[in-house]
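Single-structure report; data block below.
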Amino acid sequence: MDATIAAILVQDGVVNGAVYALLALCLVLVFAVTRIVLIPQGEFVAYGALSYAALDEGRVPGSAWLLAGLGIAAFAAGLAHERRASWPRILPRLAGECLVLQAISIAAAFVLAPLRLGPWMDALLTLALVTPMAPCLYRLAFQPLAQASVLVLLIAAVGVHLAMVGLGLVFFGAEGYRGPAFLDASFSAGPLTISAQAIVILLATLLIMGSLAAFFEATLAGRALRAVAVNRLGARLVGISAAGSGRLAFTLAGFIGALSGVLIAPLTTIYFDSGFIIGLKGFVAAIIAGMASYPGAVAAALVVGLVEAFAAFWASPFKEVIVFTVIIPVLLLRSLASVPGEDEE
Amino acid sequence: MSGLSRALLLASAAVFATAMGAAGAHAQTIHVGVVASLTGPAASLGIPQKNSIALLPTDLAGHKVEYIVLDDGTDATRAVADARKLVDEDNVDAIIGSSVTPSSLAMIDVAAEKKVPMISMAASESLIKPMDAQKHWVFKTPQNDSLMADAIVEHMAKNGVKSVGFIGFNDAYGDGWLVQMQRALGNAGIKLADAERYARTDTSVTGQVLKLVAAKPDAVLIAGSGTPAALPQSALKERGYTGKIYQTHGVAVMDFIRVGGKDVEGTILPSGPILVAAQLPDSNPVKQVALDYVHKYEAAYGAGTVATFGAHAYDAALLLQNAIPVALKTAQPGTAEFRAALRDAIEAEHEVVLDHGIADMTPDDHNGFDKRARVMVTIQNGAWKLLP
């Protein structure tokens, strides 16, 4: 190994780490607000990548039908959850969130997909199709369980993950797809060749992290999310809806997941079941950060990306083993450092 | 009272079911069970296989043939459960399946225990070799890995390749190919310069490719299946690798060319002749059979949808169609004698022309394919081209 190879590996690790960082941020966010370990995070990545690839071919992606189905199911679940007497009060908002928004996205996909307006438009349509699935999923699967223990929520998340993988097969098919790059260019910097897509990924990650920071610091909704994360009961006492916060957190997770999918679609072939392993690497980073610290999650994600790149060079048959083994010393250290009885449950 | 009426109901249902079963036996329907991986990682193999089964005629030698397709989810445990269900509940006369090696290996126990002939659609030679009392009941239609590995190494030797780099999937597929290549390269006196592995879902193979390029091999073999096999090839091109790049027959799907684009131009791979059926000389008997399958498949599912994997299922059914009339001479469908006769008839098939080659079964070789079952193919201008 010489300096050139090391530099190439670092570049590779940082780009992959940036995607894991986005996923780790979502996991930390959703866990803080709802106590759900969002196992299905990877599925948003796969759905995003597959929708983007389908739109690139001028087809309406299967996610349009899936979104329609989820929206209707969430609408029905929302009604069933409320007393009949309060239907007139909640109906406009519920219909708006579960039906109207979805209908607009789907209509846009049907009108714009055959026109093939290029990668940027495809990316926007993908985000419009995949993001609204997340709050619908929250309404369907998690809102009725909001008071359950972390373990029950985890099991529900595993169930949602399995269901989403199956639905992915039905709506996207068994074949893998690869999307086009936003910019098909590359720059030379000494021995390094940096592709424009790598720069797009890094910029998008920085932009998302900056926007999230601004959102949490400067907006009412962001502060409300932070309040729920700090103290659920206290937040409710001052009038912050726990369910609304959960849906907002899921919406953010769905958006970032779909965006990650669009970003990695040009790098590799994505199958309906590819999301899990990618999400799992984000999960490793989130765990290293204790599921609590945003900057910690980002740093850990970069470490995961770098470990992966160097493990691929030195011992490629054991690459995944090495990446996932990183978690063990961290867990050991954490369990040694933590005070017994700290758990909130 | 309700207990009594329930018992009565059950008893009458049982009598009715027995009567139905007897009636079915009189109609002498031949039941063929199919276990395919319709979901899970191997879904892209199982779905065209299921589609191919749907193209088959349902009448044969005056008997109705019923195909019962079950999904194993690319899971060996479910494949065994499916096989047991087919044998115990549907009383099948033969089983086709499963799509991948681990599932097929697990099903051998059931086939041998229940004495049902089984035709696997998975590639590994270990399914039928070494021959023993259990594998006595097992046949398979895809070419053995070793046949394909020998073809690649033969081509390498002919083109003056002295050292080879290997990058393969980090799973049973990559393992099998690495073992086969070590054997074949050793026989040919070609050096294996470096062996790297990667996962189907990897977003980058930069590390592996850097190491491969540093080993300076004359040629690189990528042992992956489907579109993920394009990733190392793109990375090799990006790093300025100019040697020959070989792929395995796992990439013989149009999606691979679609995804790989200009990076996969000039790739050399072995394949069943069906991939380039239209380019085969008319003297090749496989041409007619393979084109017939391609036309049938595309008429049913649309132009350009045919995949070589689906033809393995069709070939398995062709073997059965040849064997069933022979077996019918000695026994009736649904009996143990018929199943044994069916097995013997498959084993006795000689020079049967299939989509993937010409099978010549012997008691020791339950695949029966020889060099006529593989051609070398390259990618030229975004299409498969037969190499002389």
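The values are calculated or read from the model by the stated rules, or taken from the named source; none is laboratory data. Values in this document were obtained by computation on a predicted structure and should not be read as measured data. Positions of Cβ are generated from backbone atoms using ideal geometry, with glycine treated the same way; all protein chains shown enter the neighbour counts.
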Residue pairs meeting the criteria (Cβ under 7 Å; at least 6 apart or on separate chains; first of a type in the set (S, T, N, Q), in segment A:235-246; second in a helix (DSSP H, G or I) and surrounded by 14 or more Cβ atoms within 10 Å (Cβ to Cβ))
A:245/A:33; A:245/A:224; A:245/A:225; A:245/A:228
Name the residue that is surrounded by the fewest Cβ atoms within 10 Å (Cβ to Cβ), counting only residues in segment A:1-16 that are among the polar types (S, T, N, Q) and touching a strand residue (DSSP E or B) at 6+ places or on another chain (Cβ under 9 Å).
A:4
Residue check: is residue B:114 more than 19 Å from residue B:50 (Cα to Cα) and in contact (Cβ under 8 Å) with a residue 40 or more places away in the chain?
no
2 or more residues buried (at least 21 other Cβ atoms within 10 Å of the Cβ) and facing another protein chain (nearest Cβ under 10 Å): qualifying strands (runs of 3 or more DSSP E) within segment B:160-248:
B:163-169, B:191-198
Give me the pairs: first residue in segment A:301-319 and within 11 Å of another protein chain (Cβ to nearest Cβ), second residue among the acidic types (Asp, Glu) and not in a helix (DSSP H, G or I), beta-carbon distance under 7 Å, and six or more apart or on different chains, which are they?
A:316/B:196
Given (1) crowded, with 20+ Cβ neighbours inside 10 Å; (2) in contact with a Pro (Cβ under 6 Å, 6 or more places away or on another chain), index of the condition residue A:129 fails:
(2)
Over segment A:252-276, the set of residues away from chain B (no Cβ under 13 Å) and among the aromatic types (Phe, Trp, Tyr) is A:255
Return a yes/no flag: does segment A:277-285 have any residue that is away from every other protein chain (no Cβ under 14 Å) and under 21 Å from residue A:127 (Cβ atoms).
no
Working only within segment B:259-283, note down all residues that are of a type outside the set (Val, Ile, Thr), within 14 Å of chain A (Cβ to nearest Cβ) and crowded, with 17+ Cβ neighbours inside 10 Å.
B:260, B:263
Scanning segment B:120-177 residue by residue, the ones that are more than 24 Å from residue B:106 (Cα to Cα) and of a type in the set (S, T, N, Q) total 2
What are the residue pairs meeting all of these: first residue in segment A:165-186, first residue over 24 Å from residue B:51 (Cβ atoms), second residue assigned to a helix (DSSP H, G or I) and acidic (Asp, Glu), Cβ atoms under 7 Å, and 6 or more apart or on different chains?
A:179/A:56; A:180/A:56
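The rows are residues; the columns are (1) in contact with an Asp or Glu (Cβ under 7 Å, 6 or more places away or on another chain); (2) more than 20 Å from residue B:138 (Cβ to Cβ).
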| residue | (1), (2) |
| --- | --- |
| B:317 | no, no |
| B:327 | no, no |
| B:371 | no, yes |
| B:379 | yes, yes |
Just for strands (runs of 3 or more DSSP E) wholly inside segment B:22-134: which have at least 3 residues that are over 16 Å from the mean Cα position of the chain (by Cα)?
B:30-36, B:63-71
Over segment B:137-159, the set of residues free of Cβ contacts under 8 Å to residues at least 60 places away in the same chain, surrounded by fewer than 19 Cβ atoms within 10 Å (Cβ to Cβ) and over 18 Å from the mean Cα position of the chain (by Cα) is B:154, B:157, B:158
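Would you mind finding the one in A:19, A:30, A:45 that is part of a helix (DSSP H, G or I), in contact with a strand residue (DSSP E or B) (Cβ under 9 Å, 6 or more places away or on another chain) and either of a type in the set (A, V, I, L, M) or at pLDDT 90 or above (or both)? Spell out the reasoning first.
Numbers: A:19 fails: in contact with a strand residue (DSSP E or B) (Cβ under 9 Å, 6 or more places away or on another chain); A:30 fails: in contact with a strand residue (DSSP E or B) (Cβ under 9 Å, 6 or more places away or on another chain).
Just a single option satisfies the conditions, and that option is A:45.
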Scan A:65, A:87 and give me the residue that is in contact with a Leu (Cβ under 7 Å, 6 or more places away or on another chain) and among the aromatic types (Phe, Trp, Tyr).
A:87
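Is it the case, given these coordinates, that residue B:323 is assigned by TED's automatic domain parsing to the domain that holds residue B:347, touching a helix residue (DSSP H, G or I) at 6+ places or on another chain (Cβ under 9 Å) and over 28 Å from residue A:270 (Cβ atoms)? Steps first, please.
Working: assigned by TED's automatic domain parsing to the domain that holds residue B:347: yes; touching a helix residue (DSSP H, G or I) at 6+ places or on another chain (Cβ under 9 Å): yes; over 28 Å from residue A:270 (Cβ atoms): yes.
Spelling it out, residue B:323 is indeed assigned by TED's automatic domain parsing to the domain that holds residue B:347, touching a helix residue (DSSP H, G or I) at 6+ places or on another chain (Cβ under 9 Å) and over 28 Å from residue A:270 (Cβ atoms).
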